Amino acid sequence: MKDSTVKDIGVALLILAVLIPFATGVGNIYEDPSDPGFGSRDFPKLIIFIGIFLSVILLIRSSIDIVRSGQLPKLAISSHYQITGPLTVLIAALLYVWGIVLFQYALPTLALMFFLVRYFGSRGFFRTILIPLIAVIIYFLVFFVIFGIFEEPGTILNYDSYSVARAIRKVIGME
């Protein structure tokens with residue numbers, strides 16, 4: 001049995017645990033009836049399908065590896081960080097989802113990316129400020145402008161990202 005078998009099983013189960021709840025909510029994504037071709041539901045469906053498919057393959061390969069070796073995997077935690085690291089990222093992810101409900105997409109995404117960049121050790125203005133800011137702008141352009149995904153208003157902060165996205169779509173000739 002390979003050393004990575006237990007980690008592979010953990011990763012596959014984590015991906016499945018994240019993607020399956022998202023798969024149940026894809027039907028709730030607003031789809032613009034006038035948007036031709038690849039709609040706002042299609043990209044999440046594709047990502048969910050690919051993620052679930054690859055996770056199942058990883059689980060099957062790891063299970064075959066365990067059966068062939070005839071050994072049960074040992075779970076050994078060698079450091080405090082192996083528990084607190086994933087737990088910190090999980091808490092940040094849950095706060096991110098809650099933040100999207102409260103503040104819409106841009107601010108929580110920027111805050112999460114800033115936190116993760118700092119948490120994983122990057123320092124300096126470019127890495128901690130500019131990269132998250134550029135990434136949020138790129139994500140906005142891809143998902144809201146190109147794919148036309150509608151964003152629900154936030155509970156605390158409510159801005160009209162859909163009108164901004166439609167205006168950009170008109171400028172670049174997508175409408």
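The values are calculated or read from the model by the stated rules, or taken from the named source; none is laboratory data. Remember, predicted model here, so these are calculated numbers, not experimental data. Quick reminder, even Gly has a Cβ in these numbers, built from the backbone with ideal geometry, and neighbours come from all protein chains shown. Surface areas here come from the heavy atoms of the whole protein model, side chains and all, with no ligands, DNA or RNA. Shrake-Rupley method; radii C 1.70, N 1.55, O 1.52, S 1.80 Å.
When the stretch 136-160 is limited to residues that are in a helix (DSSP H, G or I) and in contact with a helix residue (DSSP H, G or I) (Cβ under 6 Å, 6 or more places away or on another chain), the one that is nearest to G27 (Cα to Cα) turns out to be F144. Only a single criterion out of (1) open to solvent by 50 Å² or more (accessible area, probe 1.4 Å); (2) more than 29 Å from S34 (Cα to Cα); (3) not in a loop (DSSP other than H, G, I, E, B) is not satisfied by L112, namely (1). Only one entry in F126, F114 is more than 17 Å from the chain's Cα centre (by Cα) and among the hydrophobic types (A, V, I, L, M, F, W, C), namely F126. When we screen T84, T88 for residues that are in a helix (DSSP H, G or I), over 30 Å from R41 (Cβ atoms) and in contact (Cβ under 8 Å) with a residue 12 or more places away in the chain, the only hit is T88. Scanning the stretch 126-175 for residues that are within 16 Å of A111 (Cα to Cα), open to solvent by less than 60 Å² (accessible area, probe 1.4 Å) and either among the β-branched types (V, I, T) or touching a residue at least 60 places away in the same chain (Cβ under 8 Å) (or both) gives T128, V136. Criterion applied to V18, V11 was being part of a helix (DSSP H, G or I), of a type in the set (A, V, I, L, M), open to solvent by 50 Å² or more (accessible area, probe 1.4 Å) and modelled with pLDDT under 80, and the one residue passing it is V18. Scanning the stretch 50-72 for residues that are under 29 Å from the mean Cα position of the chain (by Cα) and modelled with pLDDT under 80 yields a total of 0.
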